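*Asks:* Pasting a structure here, questions to come.
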Amino acid sequence: MITAQIHNDEWYAGEAGLTGGGRQPTIGVGLPAPLVGISLDENGDSQFGVDESWRERSDGTWDVDLSVSFAPPARPAIGLASIPLINLAARIDATGGTLQGGRSYYYAVSAVESDGMESPLSFVVRAGVPSTSSSNTVTLKDLSFGPGTTSFRVYRGLTPARMLRIANAQPVSATFLDTGRQSTAAAAPDANYHHANFYWRMELLPETSVDIHSTNSIGKTNLGLLANEHRGKIVRIHDGKGRGQELSISSNDATTLTTTTPWVVEPDSTSTFVITEPGWSFGAMSEGSPVTFTVPNRQNAVIHVSGRSANVADLECAYELSPLTRHSIGGGSNDADVPEAPVFGLMTVGRGSVEVAGVGFTDLKNTRSITAGTLMFHCWDELDGVPGLRLAAGIAALADTLVLTASSSSLPGVVLQIGTELLVARVISPDGKTCEVERGAFGTTVAAHTISEPVYALKRRVTVLPFVRNFFGSPASGSYAQSIEMPSQRVVLAEFFVTNGRGNSQVSSVSYSNTTDRGLRTLSGGQFTMQVAGNLAIQSDAVPPLSVDRPRSVRDVFATLAEPAAGGPLNIRVSRGATMWCDLTIPAGQSISSTVDGRDLPPLTPGTVLRLDVLSTGLAGTGRPGSGLTVTIRV
């Protein structure tokens, strides 16, 4: 009896430039199957092994060499163990196994001779498992082997082009039962494989969870990106729904990346993403494992390694089907200790916000597992105006005791500001009016202070900044910025520490008491403007009363003239209701007044009515009164 099978490659749909599940095309010139690493991750994806070594250059700097291990496929041998025959219709049972339903599995077998030589693969068998069960089994039937066969191997995959070994050294049999066997990092024999090409690229933003997504966007709140800093870069869904997709970034704001084309599968809250360089750098070529190439020595930076199988003509397997492994340079071990104290910077950005930026370290050791930073502001609420608490007696530079005008039993541990000096209250007397203090705290200069100087008891405000693991050392850390809304505050001191898997770092502190404003004023943004058209005359309520909408501290107040007065100064007054609030003077022949510092003015409260009076003009003798008055109150 003669058993034969007919086969046509057109029966199988090819994908991504690869042949389908039939016999390989002309030996040696077809596209090879995807490369296989040395292990499988939790998703069943192949991963390369990556080891590091270092070489010192003549200039004293160091290069990093990566040694990448993979599992090159064997070339099939035609001997006594000929290509196996197999029934193209597998039997599927809904019980007795662990194969998930609702997907197709592809199988092929090879014959193995006594010397270990392996035949080419059989025809590929597709098993479409229904979704009604998650305990399925698949049975391959009517297996037939040549006379030299001593055992056989079985390969399985979710596509015909990506099959991994699930069974080795199986005794010759007419059937094979797959109950849901684990795949191994072993490639099927491939007559088209000749060598592997390896490429690398740098990761710009480490793995980040998703809480913002749409059909063409992905992001996370509090990400702290600069506008469009990643335009033209690549965003890759690393894990979760949509895993493996890569798209080019058309634009980004502080939290969200917008892609040039829609996602094939939209990500969700189970997804994580990374941002990478848009291009690949060639690493090395090798027929066997391992392969070694040099990459930049950037401590804690994450690098992507892509290995692509190629034929004798150097035609490569599709990148989308090839393995990709992420590796942290110098990151083979976890943090051994808490990190050193961080450096950071603060700046006001308007509209009642302060921005923290420039977070970094002089040494990136022990920074891999940092997940949070704690920022403590010591600030004065400018809506409280100038404090009523003052010095009841002057204090010399060497003294460490304050005598206060009012009782304040809550001072111990509080940071105090007198002038540009910061002090820390330690012990308060029973009557609450005498306080022992630490002078010149946080690097400020000790100075003598006079009676009646105001004493600012600064309030604490704490903000926690989240970071993703491996953030520090990545390119994204260099452009990190996070805005914190805190209107009408004067930030006098900021303290900052970070937390890794081992604990909290030392605390860094920066004092802003010696600035012009004796702190960073956040204000609230905007301005009030009162205008008088035409020539000026002495009058009350020169403009309609202006009502204040909400609490506001004041940056400054000034006045301008379209045409200067001649003959004498112009004096004007801004009142809060019936109470004088601010007087301004524009000298004769000039068009702008001196600026009144808002720190010394009472804050504006909701419902406050601002009035403008012209007290005197430049009209004297043949002088002119001036015209086109504008009073600006910046808040």
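*Asks:* Can you confirm whether the range 477-484 contains a residue that is out of contact with any strand residue (DSSP E or B) (no Cβ under 6 Å at 6 or more places or on another chain), over 30 Å from V349 (Cα atoms) and surrounded by fewer than 16 Cβ atoms within 10 Å (Cβ to Cβ)?
*Replies:* no
*Asks:* Further, regarding this structure: Can you name the number of the only condition in (1) of a type in the set (G, A, S); (2) in contact with a Leu (Cβ under 7 Å, 6 or more places away or on another chain); (3) assigned to a strand (DSSP E or B) that A533 fails?
*Replies:* Just one mismatch for A533, condition (2).
*Asks:* Can I ask one more? Do you know which of the residues in the range 113-125 that are out of contact with any Gly (no Cβ under 7 Å at 6 or more places or on another chain) and either of a type outside the set (G, A, S) or in a strand (DSSP E or B) (or both) is modelled with the highest pLDDT?
*Replies:* Per the stated criteria, the residue is V125.
*Asks:* Give just the number: which of (1) without any contact (Cβ under 8 Å) to a residue 24 or more places away in the chain; (2) of a type outside the set (V, I, T); (3) surrounded by 15 or more Cβ atoms within 10 Å (Cβ to Cβ) does N571 not satisfy?
*Replies:* Only one criterion in (1) without any contact (Cβ under 8 Å) to a residue 24 or more places away in the chain; (2) of a type outside the set (V, I, T); (3) surrounded by 15 or more Cβ atoms within 10 Å (Cβ to Cβ) is unmet by N571, namely (1).
*Asks:* Moving on to the next point. Within the range 148-172, which residues are surrounded by 16 or more Cβ atoms within 10 Å (Cβ to Cβ), hydrophobic (A, V, I, L, M, F, W, C) and within 21 Å of A318 (Cβ to Cβ)?
*Replies:* If the condition is that a residue be surrounded by 16 or more Cβ atoms within 10 Å (Cβ to Cβ), hydrophobic (A, V, I, L, M, F, W, C) and within 21 Å of A318 (Cβ to Cβ), then A161, M163, L164 are the ones that fit.
*Asks:* Scan the range 60-82 and tell me whether some residue there is of a type in the set (D, E) and touching a residue at least 40 places away in the same chain (Cβ under 8 Å).
*Replies:* Yes, the range 60-82 contains a residue that is of a type in the set (D, E) and touching a residue at least 40 places away in the same chain (Cβ under 8 Å).
*Asks:* How many residues are within 44 Å of the chain's Cα centre (by Cα) and in a strand (DSSP E or B) when one looks only at the range 131-164?
*Replies:* 7
*Asks:* Quick check on the range 418-473: of everything there that is among the aromatic types (F, W, Y) and in a strand (DSSP E or B), which residue is surrounded by the fewest Cβ atoms within 10 Å (Cβ to Cβ)?
*Replies:* Across the range 418-473, the extreme among qualifying residues is Y456.
*Asks:* How many of the residues making up the range 220-239 are over 16 Å from M202 (Cα atoms) and of a type outside the set (D, E, K, R)?
*Replies:* The number of residues fulfilling the criteria is 8.
*Asks:* Can you confirm whether A476 is within 28 Å of S575 (Cα to Cα), among the hydrophobic types (A, V, I, L, M, F, W, C) and outside any strand (DSSP E or B)?
*Replies:* no
*Asks:* Where in the range 165-278 are the strands (runs of 3 or more DSSP E), entirely inside, with at least 1 residues that are in contact (Cβ under 8 Å) with a residue 12 or more places away in the chain and more than 22 Å from I370 (Cα to Cα)?
*Replies:* In the range 165-278, 176-178, 195-209, 212-214, 217-219, 234-239, 246-252, 256-259 are the strands (runs of 3 or more DSSP E) which contain 1 or more residues that are in contact (Cβ under 8 Å) with a residue 12 or more places away in the chain and more than 22 Å from I370 (Cα to Cα).
*Asks:* Do we have any residue at all in the range 493-503 that's surrounded by 14 or more Cβ atoms within 10 Å (Cβ to Cβ), hydroxyl-bearing (S, T, Y) and either on the phi > 0 side of the Ramachandran plot or in contact with a strand residue (DSSP E or B) (Cβ under 8 Å, 6 or more places away or on another chain) (or both)?
*Replies:* Scanning the range 493-503, I find at least one residue that is surrounded by 14 or more Cβ atoms within 10 Å (Cβ to Cβ), hydroxyl-bearing (S, T, Y) and either on the phi > 0 side of the Ramachandran plot or in contact with a strand residue (DSSP E or B) (Cβ under 8 Å, 6 or more places away or on another chain) (or both), so the answer is yes.
*Asks:* Follow-up question, since we're still on this one. Looking for something more than 19 Å from T595 (Cα to Cα) and in a strand (DSSP E or B) - is there at least one such residue anywhere in the range 549-560?
*Replies:* Among the residues of the range 549-560, not one is more than 19 Å from T595 (Cα to Cα) and in a strand (DSSP E or B), which makes the answer no.
*Asks:* Report those strands (runs of 3 or more DSSP E) wholly inside the range 317-363 carrying at least 2 residues which are of a type in the set (A, V, I, L, M, F, W, C) and assigned by TED's automatic domain parsing to the domain that holds F497.
*Replies:* The qualifying strands (runs of 3 or more DSSP E) are 343-350, 353-360.
*Asks:* Condition test on S58, is it among the small types (G, A, S), under 30 Å from F293 (Cα atoms) and under 34 Å from the mean Cα position of the chain (by Cα)?
*Replies:* It is false that S58 is among the small types (G, A, S), under 30 Å from F293 (Cα atoms) and under 34 Å from the mean Cα position of the chain (by Cα).
*Asks:* Ok, one more. What's the total number of residues in the range 495-512 that are in a strand (DSSP E or B) and in contact with a Ser or Thr (Cβ under 7 Å, 6 or more places away or on another chain)?
*Replies:* Result for the range 495-512: 7.
The values are calculated or read from the model by the stated rules, or taken from the named source; none is laboratory data. Because the structure is predicted, anything quoted here is derived from the model rather than measured. Ideal geometry is used to build each Cβ from the backbone, glycine not excepted, and the neighbour counts take in all protein chains shown.
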